[in-house]
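Notes follow the structure.
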Amino acid sequence: MIFKIIIYIIFYLTCINSSFAKQNRDESRYFLEIRHSEAISKTNKYDDHDSTESKKIATSNGSGMEGTNSFGIGFGKQWNDDYNILLSIEKINSENDLGTIILKNGTQYNQSKFKYRTKSVIFEMERGFKFKDNLNFFVNIGLGYSKFNFNENALYLNTSGILYKVGQKNNNTDFSTRLGGGLSYSLSENMEFITSIDYTDLGEAEWKESDGDITAFHIKSTNAVIKLRYFF
């Protein structure tokens, strides 16, 4: 929550600052981009909201988010020499490894994991800094909206050698925030290659049991990102 508040403040101040940016619009133009990212640091935090206290998760030893990657497309505008604004749509696939789960009543489940899909729409602002002729450094912040989707067999539980597929088909939404920075290299007058690192908080994905009880998983990750951007 504190991180999201900080992002909102930074985003607001940056928007104000952009309104006072230099008015030279010679470089003002639109662009399209494609992007791919891989999570390099992830979270394994969750909140078990089971209505029965004894059925809440006491411990789990899993590694958390695994195989998290995203693909996306974006449309934006180079506002001037220093600022870009961008709206992107991203699709994220992930699997969360909970490892061995032990409930408060002593029940143990092994090899527990779940899969989910996320669609995210995020508005970003970039602030560029000239580095060399074809190479620029930039920082970016973003605010957006995420939708998480689980199918009926989202969670896999293995107990006594028997594999169970449990859960309800459901989806939920949450706000998302992003903070990052990287380098952009001009391949030509119209083409740019971008590499960056960002920290993205997609919000909480809510997995539902058959009785309606919810376990909320915090979907946050530090990502390595590559983009190809075309100006027109």
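The values are calculated or read from the model by the stated rules, or taken from the named source; none is laboratory data. Computed from a predicted model, the values in this text were never measured in an experiment. Here the Cβ positions follow ideal geometry from the backbone for every residue, glycine too, while neighbour counts run over all protein chains shown. Areas reflect the complete protein model, heavy atoms only, side chains present, ligands, DNA and RNA absent. Shrake-Rupley method; radii C 1.70, N 1.55, O 1.52, S 1.80 Å.
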Added length on full extension, which subtracts the Cα-Cα distance from 0.36 nm per residue, D50 to N110: 19.7 nm
Taking every other residue with Cβ under 10 Å from the Cβ of E206 and scoring Lys and Arg +1, Asp and Glu -1, one gets -2
Which of the pairs K77/K147; K45/K169; K119/K227; K45/K113; K165/K220 have their Cα atoms more than 20 Å apart in this structure? K77/K147; K45/K169; K165/K220
Starting from the 7 Å offset along Cα-to-Cβ, what nm value, one decimal, do you get for the label separation of S186 and S160? 6.9
Segment S41-L87, extension gain: residue separation times 0.36 nm, minus the distance between their alpha carbons: 14.1 nm
Accessible surface, per residue, of segment 175-232 when the full set of protein chains is kept, probe 1.4 Å, Å²: 42
So, counting K/R as plus one and D/E as minus one, what does the shell of residues with Cβ under 9 Å around V225 add up to? 0
Surrounding net charge for I34, when Lys and Arg each add one and Asp and Glu each subtract one, Cβ distance under 9 Å: +2
Can you pull the one-decimal nm distance between simple spin-label points at L228 and N69, each 7 Å off the Cα toward Cβ? 1.6
Sulfur and carbon atoms: percent of accessible area, segment 80-135 [1.4 Å]: 51
Of all the accessible heavy-atom surface of segment 159-232, with the other protein chains kept in place and a 1.4 Å probe, what percent is carbon and sulfur? 55
Which of M191, M125 is most accessible, then next, and so on - probe 1.4 Å: M191, M125
Give a quick list of trypsin sites (Lys or Arg not before Pro) in segment 99-204 that DSSP marks as loop, anything other than H, G, I, E or B, with at most 14 other Cβ atoms within 10 Å. K132, K169
For F129, F148, F71, what's the largest-to-smallest order of accessible area, 1.4 Å probe? F71, F129, F148
Please give me, ordered by residue number, the GluC sites (Glu not before Pro) of segment 73-161 that lie in loop per DSSP and have at most 15 other Cβ atoms within 10 Å. E152
